[in-house]
1. Just one of (1) within 28 Å of GLY45 (Cα to Cα); (2) in contact with a Leu (Cβ under 8 Å, 6 or more places away or on another chain) trips up VAL67, so point out which.
2. Filtering the range 47-65 down to residues that are over 14 Å from the mean Cα position of the chain (by Cα) and open to solvent by 60 Å² or more (accessible area, probe 1.4 Å), which residue is modelled with the lowest pLDDT?
3. Going residue by residue through the range 23-43, is there one that turns out to be open to solvent by 80 Å² or more (accessible area, probe 1.4 Å), modelled with pLDDT under 90 and more than 30 Å from PRO162 (Cα to Cα)?
4. Just to verify a result, which residue in the range 66-97, among those that are within 13 Å of ASN22 (Cα to Cα) and among the hydroxyl-bearing types (Ser, Thr, Tyr), is surrounded by the most Cβ atoms within 10 Å (Cβ to Cβ)?
5. Confirm whether ALA68 is within 16 Å of GLU135 (Cα to Cα) and in contact (Cβ under 8 Å) with a residue 40 or more places away in the chain.
6. How many of the residues in the range 98-139 are under 23 Å from PHE54 (Cα atoms), open to solvent by less than 60 Å² (accessible area, probe 1.4 Å) and either out of contact with any helix residue (DSSP H, G or I) (no Cβ under 8 Å at 6 or more places or on another chain) or polar (S, T, N, Q) (or both)?
Amino acid sequence: MVGTPGVPARRARHALSVVAHNAANMLTVARLCCALPIVLLVRAGDHHLAALIFVIAALSDGLDGYVAKRLNAVTPLGAVLDPIADKLLMDSLFITLALEGHLPPWVALLALARDLLIVAGTLALRYLAGRFRVEPLFLGKVSTFMQIVLGAAVLLQLSALPALAAWIQP
């Protein structure tokens, strides 16, 4: 009943709890949606905007995990989407930077090969062992962090350093 007192408040509380419970997943989906615009911006030579979006997406990587744990809202969907978002964001950026000549191709191939091996190993293990829980290793987190640092460094070098050079007159 819509006219019953308290119903709108209960609906509002329920809506807020759904949003809070899915906040981490929304951040992850937003990061997924950043990959294509970053690639298109790098291809178009708009390194300023590509760097800005990439840095925001990279920050969301740490934020989504924090939010999920803080709100006790870790979900099976988030556990699958988060590594997919990481891999899509980093691999698409590295491949694009390599194709544009801003990154050695072997770096992009190494990152892509690493991610393909992880996915293949996970699928093989699931096939052989059935259901299992995937826990990210510290080394994997360090690797992802270093990839983010490299991607940000290249984009910032392409966007900020040329702009700074115009201010420095010999």
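1. Just one mismatch for VAL67, condition (1).
2. Looking at the filtered set, the residue picked out is HIS48.
3. Initial filter on the range 23-43 (open to solvent by 80 Å² or more (accessible area, probe 1.4 Å)): 26, 33, 36, 40, 43.
From what is left, the residues that are modelled with pLDDT under 90 are 26.
Then keep just the ones that are more than 30 Å from PRO162 (Cα to Cα); that gives 26.
Yes, that holds for at least one residue.
4. So, considering only residues that are within 13 Å of ASN22 (Cα to Cα) and among the hydroxyl-bearing types (Ser, Thr, Tyr), the one surrounded by the most Cβ atoms within 10 Å (Cβ to Cβ) is THR75.
5. Details: within 16 Å of GLU135 (Cα to Cα): yes; in contact (Cβ under 8 Å) with a residue 40 or more places away in the chain: yes.
Judged against the criteria, ALA68 is a match.
6. 1
The values are calculated or read from the model by the stated rules, or taken from the named source; none is laboratory data. Since the structure is predicted, the reported quantities are computational estimates derived from the model, not experimental observations. Neighbour counts run over all protein chains shown; Cβ positions are idealised from the backbone, glycine included. Only protein heavy atoms, including side chains, enter the accessible area calculation; ligands, DNA and RNA are left aside. Shrake-Rupley method; radii C 1.70, N 1.55, O 1.52, S 1.80 Å.
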